[in-house]
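Please read the structure below before turning to the comments.
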Amino acid sequence: MTGIKPKTLADFDSELAAEHIKGQWLIDPLLERLAGGPRPAGQAHIWRWRDIEARLDEACDVLAEGLTARRSLALMNPALPGGTTHTLTAGIQMLNPGEQAWAHRHTMSAIRFVIRGGPGLSTVVDGEACQMDDYDLVLTPSWTWHDHHNDTTGNPVWLDALDIGLIMSLNTGFYETYGEERQALRPSQGEYLSQRAGLVRPVWEQRKERLAPFRYAWSDVEPVLLSMADQEGSPYDGVVLEYVNPMTGGPTTPTLSCWVQMLRPHEQTQSHRHTSSSIYFVVRGEGTTRVGDEEISWGQHDTFVVPNWLEHSFRNSSASSEAILFSVNDIPTLRALGLYYEQPETSLGTAPWPAVPARPGTTGGR
Ligand code: GTQ
Ligand code: FE2
């Protein structure tokens, strides 16, 4: 040696850092965060209907109409910087008598589940007026124009759910206002959907499978659910149905799936967890949901959230009536990316994943 000190690893690391390079040996400690699998993002939480409704009534007084914004109260997870889950944001929206919410569009997909509607309440989606009766579901998929109209004398209200966290984390947010309060209606109402989701379709139009607005009438969905009361159902969710996009046969949108489930009197489900997160709305009934170490007691029109990768199970507390829960989840996103994992088993009818160890052993023995 000629007296020149050999370069230390620490010296080398700082030289690399100056060139915006990092040795994997420095990243490795971060990998310890992966031990034990994903951490749930946020926590379980419930928003009671009576509290939300009172705040909406106040919002109708204090918030003037004519805004391009919506009179929607977003449900913020107490343990997240924003959103109801890390991918989804739910809000409860109300309109004053005669009011409308201006037309706009955005790359976030949204679903609307009507809490209090009826004739005179509608959302126009890409020129098609979708009536909103109680518990109807209306889709406003990514980049479809939508404006809400209340031609009733009351204050209708519905649940919004959008994939905001997902879209923002992918940096794919676009937003545009229509420029007028209401978009023009298509010349022939009611034919838009049947022409595109029926047995035949116009050949000269590009197939718009990702962009179909759609209304699922509760009067069509509820009888199917009730008719299955004697079926075995899912061990984790009871009798549970997925809303199908008739144009694809798949979920409601590429990012969001909507479910409706019935828990029969005193039904108690088994517990599981999965990489998807869900927001639940109680259509009717009373029960409890165990999420991790917490127990949430719910009643009609409450909204609650179950974060990703937290064990949960449901119980209907009534000995005589069914409980019905509507929910929206991010399962399509995870499945499309090959990232849907479930423990203790895959219950979605897909090929089973390799078993996910509850506590993966650490390797490399640092
Ligand atoms: O009704 O268009 O709760 O764009 C959040 C964003 C509702 C809506 C929300 C929205 C809407
Ligand atoms: Fe919107």
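Data table
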read-out	value
Looking only at the stretch 85-107, and only at residues there that are surrounded by fewer than 24 Cβ atoms within 10 Å (Cβ to Cβ), closer than 14 Å to Asp163 by Cβ and within 15 Å of ligand 2 (Cβ to nearest atom), the one that is nearest to the chain's Cα centre (by Cα)	Gly91
Contacts under 9 angstrom Cβ, first residue in the stretch 329-347 being on the phi < 0 side of the Ramachandran plot and among the hydrophobic types (A, V, I, L, M, F, W, C), partner part of a helix (DSSP H, G or I) and surrounded by 14 or more Cβ atoms within 10 Å (Cβ to Cβ), 6 or more apart	Leu339/Thr333
Flag for Thr363 being modelled with pLDDT under 95 and either of a type outside the set (Asp, Glu) or surrounded by fewer than 20 Cβ atoms within 10 Å (Cβ to Cβ) (or both)	yes
Meets criteria (outside any loop (DSSP other than H, G, I, E, B) and not charged (D, E, K, R)) for Ile27	yes
Qualifying residue in the stretch 77-84 (condition: surrounded by fewer than 23 Cβ atoms within 10 Å (Cβ to Cβ), part of a loop (DSSP other than H, G, I, E, B), within 11 Å of ligand 2 (Cβ to nearest atom) and among the small types (Gly, Ala, Ser))	no
Some residue of the stretch 110-133 being buried (at least 22 other Cβ atoms within 10 Å of the Cβ), polar (S, T, N, Q), assigned to a loop (DSSP other than H, G, I, E, B) and within 11 Å of ligand 2 (Cβ to nearest atom)	no
Selection from the stretch 76-103 of residues that are within 13 Å of ligand 1 (Cβ to nearest atom), among the polar types (S, T, N, Q) and out of contact with any Leu (no Cβ under 7 Å at 6 or more places or on another chain)	Gln93, Gln100
Selection status of Glu180, outside any loop (DSSP other than H, G, I, E, B), surrounded by fewer than 19 Cβ atoms within 10 Å (Cβ to Cβ) and over 17 Å from the mean Cα position of the chain (by Cα)	no
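The values are calculated or read from the model by the stated rules, or taken from the named source; none is laboratory data. Bear in mind the structure is a predicted one, so any value in this text is a computation, not a measurement. All Cβ positions, even for glycine, are placed from backbone atoms using ideal geometry, and neighbour counts span all protein chains on display.
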